[in-house]
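Notes for the one structure printed next.
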Amino acid sequence: MLKGKQSWVFPTKPVIESSSAVGGPYEAKGKLASDFDILHDDLWMGKDSYEKAHTLLIEEAIETAIQKAELTKEDMNFMFAGDLVNQITPSSFAARTLAIPYFGLFGACSTSMEGLALASFLVDKQGAKKVVTGASSHNAAIEKQFRYPTEYGSQKPPTAQWTVTGAGAAVLSDNADKAGKLVTTSATIGKVMDMGLSDPFNMGGAMAPAAAETIIAHFKDMQLDPSYYDLIVTGDLAKIGQPVTLDLLHKEGLKIDSQKFKDCGLMIYQENQEVQAGGSGAGCSAAVLYGHLLNEMRKGTYQRILLVATGALLSPLSFQQKESIPCIAHAVSIEVHP
Amino acid sequence: MASKNKSPEQKQYEKLEQKHELKRPVLQNCVKAFFVGGTICLIGQAITYFYIYFFHFTEQTAGNPTVATMIFIAMLLTGFGVYDRIGQFAGAGSAVPITGFGNSVISAAIEHRTEGFVLGVGGNMFKLAGSVILFGVFSAFVVALIKTLLQIWGVI
């Protein structure tokens, strides 16, 4: 149901039946290693190309999520998934294996919340009984496409971010028994923002205005105060984008406690891991939300969270042609049903 | 939207963003580059002397086997995943010497091995080094042309 200008509320409260996270070797050394269902100790993951390994990530995440919900692939009405590789082949190839009716999404690193918002809307409007949604990225496959060869010895600036090797997926259902379960309650769809930044090694700085815009729109549409949420988490703004976003929000008069404002890109790795400004990639917010954050909610650490996944909508061609980086952010609120 | 024509709003945001942006530690990077680059050249010099004293090369002819040896070492370091770490530490120090050129060719060849030998390795091997070769050869041509003209005119 539309509320305000660009937000949906979900009166039937679609249930997140289960969720899963799959990670790579660098994530296994990170802060959230214990929240992953599967961790690979090698970037190849037994495949003969990084792109095939990327496909495996999303396949495993979706299969694990379905298994944890004690359901089968046949029970799923639809699948929403996306990634960063050209023509989102890893997600589409995973959909081929899984044989679930499929919507391929591209929202760069905001894909995780684009998928969750659409899946929630579909379940809420009785367009589906059970939907699986996920997003993924693979460090070597994405670096190969967007930057230099992985073994090339270029010096990354401190504003650069490290693409997460990981995937996250969740199964949503129209289950009537909601007591104590995780439910999605609302979503805000962001508009594309371009503040003229064009450095692909500073995506956090480029994405910050989009994150701020969506957060402001969410609270305006929902007529809520930021204190409603126990935690507001952005996707992959990292060391530069996160404080910039907080600055922008404070400027707009939105009082957000910096202790309750976190970023997936800053949560996933240890301080001593060489990731420059932090993590990024479509798999970053997906793995942190569907792994760590939902686990914390199940434990009761948080009752209500707002996840704002941010995406930089550039291509290797667009930045070579000196175009600035347009960015987007989508927010979904997840609550523990009383 | 071209990055040249920025709206006032965009300029204002850029200012705000600059406050939080982490700057490259330029001086520190220069010092690191100086020492790592210097060390690579020192090794190169040692190899040159090695060829002169043990294989009867002269100072003029020892250059080629030295370069080949340095590139071979860079190839091993790239293959074992060490060169990119040196690169992150040293920056220009490991990019400017011939080993950096070797690394750019070899890393691209490794990266595209999965697309086959012809379209993958062959087609992409010089995607980083190609412009170095092109502009290197072109600038050598221009400099040689200037030198030749100056010689013809009797300036030098």
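One table, with the values for the structure above:
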read-out	value
Cβ-Cβ FRET estimate between B:Phe141 and B:Tyr49, R0 fixed at 25 Å, reported to 0.05	0.20
Cross-link reach list, lysines versus A:Lys144, counting only Cα pairs under 22 Å and skipping chain neighbours closer than eight places	A:Lys47, A:Lys52, A:Lys156, A:Lys322, B:Lys127
Fewest-first sequence of A:Lys5, A:Lys239 by Cβ atoms within 10 Å of each Cβ	A:Lys5, A:Lys239
Whole-number percent relative contact order across chain A, with pairs defined as alpha carbons under 8 Å at least 6 apart	26 percent
Scattering curve values for region B:17-79, log₁₀ I(q)/I(0), Debye with Cα scatterers, q = 0.13 Å⁻¹	-0.52
FRET E, pair B:Val26, A:Asp247, Förster distance 25 Å, beta-carbon r, rounded to 0.05	0.50
Using a Förster distance of 30 Å, the FRET efficiency for A:Phe201-B:Lys127 (Cβ separation, nearest 0.05)	0.95
Karplus 3J(HN,Hα) series, Hz, for region B:23-28 with 6.51 cos²θ - 1.76 cosθ + 1.60 (x for Gly, Pro)	8, 5, x, 4, 4, 4
Gain on full stretching of the segment that runs from A:Gln259 to A:Gln223 - 0.36 nm per residue minus C-alpha separation	10.7 nm
Per-residue HN-Hα couplings for region A:158-172 [Karplus 6.51, -1.76, 1.60; θ = phi - 60°; Hz; x = Gly/Pro]	x, 8, 5, 10, 9, 5, 6, 8, x, 8, x, 8, 9, 9, 9
Residue of A:Gln126, A:Gln155, A:Gln273 that the Gaussian network model of chain A assigns the largest fluctuation, springs spanning Cα pairs under 10 Å	A:Gln155
Choice from A:Glu60, A:Glu114, A:Glu74 showing the highest fluctuation, given a GNM over chain A with Cα pairs closer than 10 Å	A:Glu74
Residue order, fewest to most surrounding Cβ atoms within 10 angstrom, among A:Leu32, A:Leu317, B:Leu128	A:Leu317, B:Leu128, A:Leu32
Length-normalised contact order of chain B in % [C-alpha pairs under 8 Å, at least 6 apart]	18 percent
GNM result for chain B, Cα springs below 10 Å: residue of B:Leu27, B:Leu42, B:Leu77 fluctuating most strongly	B:Leu27
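No lab work stands behind these numbers, since they all come straight from the coordinates. Model, not experiment: these values are computed from the prediction. Cβ coordinates were reconstructed from backbone atoms using ideal geometry, including for glycine residues, and neighbour counts include every protein chain displayed.
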